[in-house]
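Participant: Handing you this structure, nothing more for now.
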Amino acid sequence: MNKILTAVLVAGLLAGCASNKPAGQGALADGNADSKTSASNGATTGAASADQLAADALAKKQAADAAAVAASRSVFFPFDVDALQDKDKAVVQANGEYLAAHKTAKARVEGNADERGSSEYNLALGQRRAENTKRGLVASGATAAQIETVSFGEEKPADAGHNEAAWAKNRRADIVAK
């Protein structure tokens, strides 16, 4: 919001400092342009330019927000834990705010677990991770209707290794656009 306000202020200053066209180059073809008309045209152009700069700044911010959200869509969990970790709350909040700002957008939260434990246990753990992630998204502004949850348990590993580094990558919830 501060960036938008700054862009509007800068645009207003630039519009106020802009020079008017010299006499004879105004709106009238005969060269007898009224200076009041020229001044008001300059102000209108400046205001339109300020509006355009503000719109451009907003569009750039929205594109940057979308890119940031797209870049970080996974949250990770410690072994046998389904609660969101503090380090991943910013990812959930950014995705929740994006969904709040784009009411027609929908997402699926896919809960996952590492290979340790029974298939049934890992499916249940993955579901709890997905549900807790959904709660975080809703707390950040998304609506529950925008989000569905599913558990893949240990069936969709991000890393096929059989060590702690691989398992850490597999204990996750992925936020996937629908």
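Participant: Name the pairs: first residue in the stretch 91-109 and closer than 11 Å to Lys134 by Cβ, second residue part of a strand (DSSP E or B) and of a type outside the set (A, V, I, L, M), Cβ to Cβ under 8 Å, at least 6 apart or on different chains?
Facilitator: That search, which allows pairs on different chains as well, returns Ala107/Glu148; Arg108/Glu148; Arg108/Thr149; Val109/Glu148; Val109/Thr149; Val109/Asp174.
Participant: Under 6 Å by Cβ, and 6 or more places apart or on different chains, what pairs join a residue from the stretch 111-133 that is closer than 13 Å to Ala173 by Cα and in the same structural domain as Lys169 (by TED's automatic domain parsing) with one that is surrounded by fewer than 24 Cβ atoms within 10 Å (Cβ to Cβ) and β-branched (Val, Ile, Thr)?
Facilitator: Ala130/Thr149; Glu131/Thr149
Participant: Given (1) over 12 Å from the mean Cα position of the chain (by Cα); (2) modelled with pLDDT under 85, where does Leu53 come up short, assuming only one miss?
Facilitator: (2)
The values are calculated or read from the model by the stated rules, or taken from the named source; none is laboratory data. Source: prediction; values computed, not measured. A quick note on method: Cβ atoms are made from the backbone with ideal geometry, for glycine too, and the neighbour counts reach across all protein chains shown.
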